[in-house]
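Engineer: Quick one: the structure is below, questions incoming.
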Amino acid sequence: MAELTELRAQIDKIDAELVGLLNRRADIVFEVKKAKEKDKLAVYAADRERQIVDRVMALSEGGSFPKPALERIFINIISATRSLIGGISVSYLGPEHSLEHEAALKQFGSEVQYLPDASIEDVLSRVERGDALYGVLPAQASSPAGQRLLELLVQSPLVIIAEVELKEQLSLFSRSRNLSAVRRVYAPALVFSRCETWLKANLPGAERIVQEHIAAQLAELEQDEGAGCIGVQALGERFSLPLLAGGIQNDAETASRFIVVGQKATSPTGNDKTSLVCTVKDRAGALRDILRPFAERGITLLNIESRALKNPAWEYAFFIDFAGHESDQAVRETVDELKQISSFARVLGSYPLVGARL
């Protein structure tokens, strides 16, 4: 018992030190506010916050504290101290506890005004009007929502300021006690795509109903054992829905990708990614000509998607992600050349690279 008392005393001492350090951090943040006001800088800086989190995770190497929990803790520490110097508002493709909401929480923390919207167009419009400072949207190129977002970004004045990768587990919630009784499943389109393998194997005959707002079906989910819905754990907790099956996503290691849009570009961090769109006439060698400026300057391509355009006809749009920041000389030269050889070229944003380091 004496040993346990001593160990608890050590923990109490550490907790006191942590509180003292957090208060000290908050005091310094007030000084940061003065410096930002003097230089007319925004409260939120995606590049700086990404650097803080990356540095913390590097410092945690070899430690015993769980890394995912440590990342969440520091994101919320940053969010809490950021709120001391000015609040920010974030729109996301709702509803509450959607994947987009979880991605927003991972990016901004809990001390933020969150504003759910019903469509991608609504999120972009809210940010364009200034009713929200930032918007969080799905960017999976293979999903209908991701494809629609790419089309809208071409015309939008907004820029991508950050990306978020989410490996949140997905679960099936239902009043039913067994899978065989589930006849209808509600979920957003992106969620269905992430659970395709499991659904084919376990609920091949169930009707799939695309529903972005699960709350709209809450009465049926509560009363009908033949109905179920798919979402993150927080969704079941929010609506008190029983868990029928957990971890049903196709691949636990595959992350869903989301982007954050805003009105002002992000400063370089030294480990950045740029997204660009350019259009060309449908002709032999068009892709080769588009890729040549990148190869000549040794710029690493990260992803490329193509879309046939209805207007103007017979043109293709190439959406290209590559390493580097738009302020880098090699990137500037590449973009300038693309503007010369393509019908249209525009940088959609440069932002901190998440995931594998270059």
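Every read-out reported here was derived from the displayed coordinates using simple, explicitly stated rules and does not represent laboratory data. From a predicted model like this one, the values you see are computed outputs, not experimental measurements. Heads up, the Cβs are rebuilt from the backbone with ideal geometry, glycines too, and the neighbour counts pull from every protein chain shown.
Engineer: Need one number: % antiparallel among DSSP beta bridges in the chain, to the nearest 5.
Structural biologist: Once the DSSP bridges in the chain are tallied, antiparallel ones form about 75 percent.
Engineer: Once a ≥ b ≥ c are taken as the square roots of the eigenvalues of the Cα gyration tensor of region 27-132, is the result rounded (a/c under 1.5), prolate (a/b larger than b/c) or oblate (a/b not larger than b/c)?
Structural biologist: oblate
Engineer: Per-residue HN-Hα couplings for region 130-138, Karplus 6.51 cos²θ - 1.76 cosθ + 1.60 at θ = phi - 60°, whole Hz, x for Gly and Pro?
Structural biologist: Values per residue, Gly and Pro as x: x, 6, 9, 6, 9, x, 10, 9, x Hz.
Engineer: Could you tell me which of rounded, prolate or oblate describes region 171-246, using a ≥ b ≥ c as the square roots of the eigenvalues of the alpha-carbon gyration tensor, with rounded for a/c under 1.5 and, failing that, prolate when a/b is larger than b/c and oblate otherwise?
Structural biologist: Because its axes are fairly even, with a/c under 1.5, region 171-246 counts as rounded.
Engineer: Using DSSP to define loop residues, name the trypsin sites (Lys or Arg not before Pro) in region 118-169 whose beta-carbon has at most 15 other beta-carbon atoms within 10 Å.
Structural biologist: Taking region 118-169 and a limit of 15 other Cβ atoms within 10 Å, the loop trypsin sites (Lys or Arg not before Pro) found are Lys167.
Engineer: Running a GNM on the chain with Cα contacts under 10 Å, which residue among Arg24, Arg307, Arg238 ends up with the highest mean-square fluctuation?
Structural biologist: In this elastic network of the chain, the residue with the biggest mean-square fluctuation among Arg24, Arg307, Arg238 is Arg24.
Engineer: Determine, from the Cβ-Cβ distance of Ile14 and Gln233 and an R0 of 25 Å, the FRET efficiency 1/(1 + (r/R0)^6), rounded to the nearest 0.05.
Structural biologist: The calculated FRET efficiency here is 0.25.
Engineer: Among the chymotrypsin sites (Phe, Trp or Tyr not before Pro) within region 257-358, which fall in a DSSP loop and have no more than 13 other Cβ atoms within 10 Å of their own Cβ?
Structural biologist: Answer by residue number: Trp314.
Engineer: What distance in nm separates the two pseudo spin-label positions at Lys281 and Asp224, each 7 Å out from Cα along the beta-carbon direction?
Structural biologist: Using points 7 Å along Cα→Cβ, the separation is 5.5 nm.
Engineer: Here is a further query. Select from Ser240, Ser171, Ser64 the residue whose mean-square fluctuation is largest in a Gaussian network model of the chain (Cα-Cα springs shorter than 10 Å).
Structural biologist: Ser64
Engineer: Sticking with this structure for a sec: Which of the helices in the chain, when you take each full DSSP H run, stretch at least 27 Å along the axis at their Cα atoms and have an average Kyte-Doolittle score of -1.0 or higher?
Structural biologist: 2-39
Engineer: Per residue and in Å³, how big is the convex hull formed by the alpha-carbon atoms of region 153-200?
Structural biologist: Hull volume normalised by residue count: 140 Å³.
Engineer: Quick check on my link table: of Lys106/Lys264; Lys33/Lys264; Lys106/Lys273; Lys34/Lys167; Lys40/Lys106, which ones sit more than 29 Å apart, alpha carbon to alpha carbon?
Structural biologist: Lys34/Lys167
Engineer: Stretched out fully, how many nm does the piece from Leu21 to Leu70 gain, at 0.36 nm a residue minus the Cα gap?
Structural biologist: 16.0 nm
Engineer: Same structure, new question: Which one of Leu59, Leu115, Leu124 has the biggest mean-square fluctuation once the chain is modelled by GNM with Cα springs under 10 Å?
Structural biologist: Of the options given, Leu59 has the highest mean-square fluctuation.
Engineer: Then there is this: Provide the percentage of antiparallel DSSP beta bridges, counting only those with both residues in region 171-246; round to the nearest 5.
Structural biologist: In region 171-246, DSSP labels about 50 percent of beta bridges as antiparallel.
Engineer: What do you get for GluC sites (Glu not before Pro) in region 54-121 restricted to DSSP loop and a cutoff of at most 13 other Cβ within 10 Å of the site's Cβ?
Structural biologist: Here the GluC sites (Glu not before Pro) that fit, given the DSSP loop and packing criteria, are Glu61.
Engineer: Given region 158-304, what percent of its DSSP beta bridges are antiparallel, to the nearest 5?
Structural biologist: Here the antiparallel bridges make up roughly 65 percent for region 158-304.
Engineer: At a threshold of 8 angstrom on Cα-Cα distance, excluding pairs fewer than six apart, so keeping six or more, what relative contact order does the chain reach in percent?
Structural biologist: About 17 percent, as a whole number.
Engineer: Compute the Cα gyration tensor for the chain, then decide on rounded, prolate or oblate, letting a ≥ b ≥ c be the square roots of its eigenvalues: rounded whenever a/c is under 1.5, prolate when a/b is larger than b/c in the other cases, and oblate in all that remain.
Structural biologist: oblate
Engineer: Below 8 Å, C-alpha to C-alpha, sequence gap of six or more: please give me the relative contact order for region 139-278 in percent.
Structural biologist: 42
Engineer: Viscosity 1.567 mPa s, temperature 4 °C: Stokes-Einstein D of region 68-202 from its Kirkwood Cα radius, in µm² per second?
Structural biologist: 78
Engineer: Here's a follow-up. Averaged across orientations, what area in nm² does the convex hull of the alpha carbons in region 229-358 project?
Structural biologist: Computed as one quarter of the Cα hull surface, the answer is 11.5 nm².
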